[in-house]
Amino acid sequence: MPTEYHKYSFLGNEIILEVPLSTFLLAFVGALTLMTYASSLVRFLFAITAGKGVPLYRFKASKGTTYAIVTGCTSGIGLEFARQLAADGFGLILVGRRQSALDELARELESAHKIRALSVVADAADPKDLHAAVARVAAVARTVDTGILINNVGASHEMPVAFHETDPAEIDNIVQTNISWTLQLTRAIMPLLVVRSTPGYAPKSLVMTIGSLSGRIPSPLLAAYSCTKGGLKTWNQALAAEVQSKGVVCTMVFPAFVVSNMSKIRKPSLTVPTAEKFVKSTLGSIGAARGAQGRLYESTPYPAHAVMDYAVGLAGNASESLAVSVIHSMHKDIRKRALKKKERQLAAKTE
Ligand SMILES: NC(=O)c1ccc[n+]([C@@H]2O[C@H](COP(=O)([O-])OP(=O)(O)OC[C@H]3O[C@@H](n4cnc5c(N)ncnc54)[C@H](OP(=O)(O)O)[C@@H]3O)[C@@H](O)[C@H]2O)c1
């Protein structure tokens, strides 16, 4: 069959196409879209396999010991941050609500890593003690070279629950711990971090805030928790832009599930790392976006979590709303199982 040619005029020039202009334009847009996705995928794969970020030693002073503050350090992710930073030679300012657990951890770190570990008792959920507790941490931080603040402490719901059925005291606990404490402590420590950095030179200080994928993807039945982590997300971005030129790296990390008391998951799996593995990949990729492609000052460091984060952003609104409904079903299921477990425990108690 003879080829049918289509003639068009563009800016006074004659253009001859083998296909109609509409088909040509459709193919052109399709190819462009495919190329955009392909290049984003290549960047993503590179980021999760080779994205190393800023090495930890950059935050150490050239002389003497640099200290890291870790909040909520007596279990889970915070405990691992304390252990891995101590193993790297940082002194520690341990912040937690249980004196005995802090003392025990300080002894463990000092004898295992020959560093000094100072501790401050503070209940991040206590509004009456907030400013005094923040002042206690800042007073200790001023006595040493404090270069790192790990905002790890966090509170969530006892189990997934509809927002209108949530105990008001639980909402207070979550907002106080995740927002008020984190903002006030960072406000108090930031001047120390700015002072030790030289504007225009390589970053010297670090503020790392542990968020959650619930702050990236709205999480039905964890609405208050999701709100606080989402709020921290914009706070971190605003803060990071303010202090970037002052030599302070501010980064927010977005984990999915990690084995811990909070997640109530005991066994690790492909998508649920131990706190040790999670923290190793976090400290090994400070400031590298990994799964948080294209988002400023954010990182989803653990590879399996990075894939989830990346996939949610892949098709814009369509993939985001699919993610919200998947999370909603998952939380309904978790709630059902948690209620059954509570019933069993109650029955066992009354027997
Ligand atoms: N695990 C996950 O699946 C997951 C997922 C996404 C985000 N995250 C985030 O990761 C961070 C750490 O969570 P995690 O899973 O490691 O939790 P975790 O194992 O329950 O540990 C929480 C730590 O914070 C301390 N803490 C809790 N409430 C406190 C308060 N009011 N005052 C002072 N200290 C308090 C706990 O102290 P005690 O030892 O005294 O209890 C403990 O040391 C949180 O910000 C959380 O939102 C966790």
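Out of the stretch 257-315, which residues are away from the ligand (no atom under 16 Å from the Cβ) and among the basic types (Lys, Arg)?
Arg295
Show the residue pairs meeting these rules: Cβ distance below 9 Å; 6+ apart or different chains; first residue within the stretch 63-85 and at positive phi; second residue within 15 Å of the ligand (Cβ to nearest atom) and charged (D, E, K, R).
Once the first residue is at positive phi and sits in the stretch 63-85, its partners that are within 15 Å of the ligand (Cβ to nearest atom) and charged (D, E, K, R) give Gly72/Arg97.
How many residues are touching a residue at least 60 places away in the same chain (Cβ under 8 Å) and either farther than 30 Å from Gly313 by Cβ or aromatic (Phe, Trp, Tyr) (or both) when one looks only at the stretch 38-62?
Looking only at that region, the number is 4.
Within the stretch 60-87, take every residue that is charged (D, E, K, R) and under 18 Å from Val144 (Cα atoms) and give me the one that is surrounded by the most Cβ atoms within 10 Å (Cβ to Cβ).
Only one residue fits best here, namely Lys60.
Among the listed residues Ser214, Ser205, which satisfies the condition of being within 23 Å of Gly76 (Cβ to Cβ) and buried (at least 17 other Cβ atoms within 10 Å of the Cβ)?
Step by step, each of Ser214, Ser205 is checked, and only Ser214 is within 23 Å of Gly76 (Cβ to Cβ) and buried (at least 17 other Cβ atoms within 10 Å of the Cβ).
Can you list the helices (runs of 4 or more DSSP H) found entirely within the stretch 125-244 that contain at least 1 residues being in contact (Cβ under 8 Å) with a residue 60 or more places away in the chain and among the hydrophobic types (A, V, I, L, M, F, W, C)?
Because the criterion is at least 1 residues that are in contact (Cβ under 8 Å) with a residue 60 or more places away in the chain and among the hydrophobic types (A, V, I, L, M, F, W, C), the helices (runs of 4 or more DSSP H) in the stretch 125-244 that meet it are 130-142, 182-195, 223-243.
For the stretch 89-103, indicate whether the set of residues that are open to solvent by less than 20 Å² (accessible area, probe 1.4 Å) and more than 16 Å from the ligand (Cβ to nearest atom) is non-empty.
Yes, the conditions are met somewhere in the stretch 89-103.
Restricting attention to the stretch 181-194, does a residue exist that is more than 12 Å from the ligand (Cβ to nearest atom), over 14 Å from the mean Cα position of the chain (by Cα), under 30 Å from His331 (Cα atoms) and open to solvent by 10 Å² or more (accessible area, probe 1.4 Å)?
yes
Pick from Ser285, Ser281: which is closer than 17 Å to Lys52 by Cα and touching a Phe, Trp or Tyr at 6+ places or on another chain (Cβ under 6 Å)?
After applying the criteria, what remains is Ser281.
Looking at the stretch 117-160, which of its residues are open to solvent by 40 Å² or more (accessible area, probe 1.4 Å) and touching a Phe, Trp or Tyr at 6+ places or on another chain (Cβ under 8 Å)?
Result: Asp145, single match.
Give the residue that is nearest to the ligand (Cβ to nearest atom), with candidates limited to residues of the stretch 234-255 that are within 20 Å of Ser219 (Cα to Cα) and open to solvent by less than 30 Å² (accessible area, probe 1.4 Å).
Filtering first and then ranking leaves Pro255.
The values are calculated or read from the model by the stated rules, or taken from the named source; none is laboratory data. Just so it is clear, the structure is predicted and the values come from calculations on it, not from any experiment. No Cβ is skipped: glycine too gets one built from the backbone with ideal geometry, and neighbour counts run over all protein chains shown. Heavy atoms of the whole protein, side chains included, go into the accessibility calculation; ligands, DNA and RNA do not. Shrake-Rupley method; radii C 1.70, N 1.55, O 1.52, S 1.80 Å.
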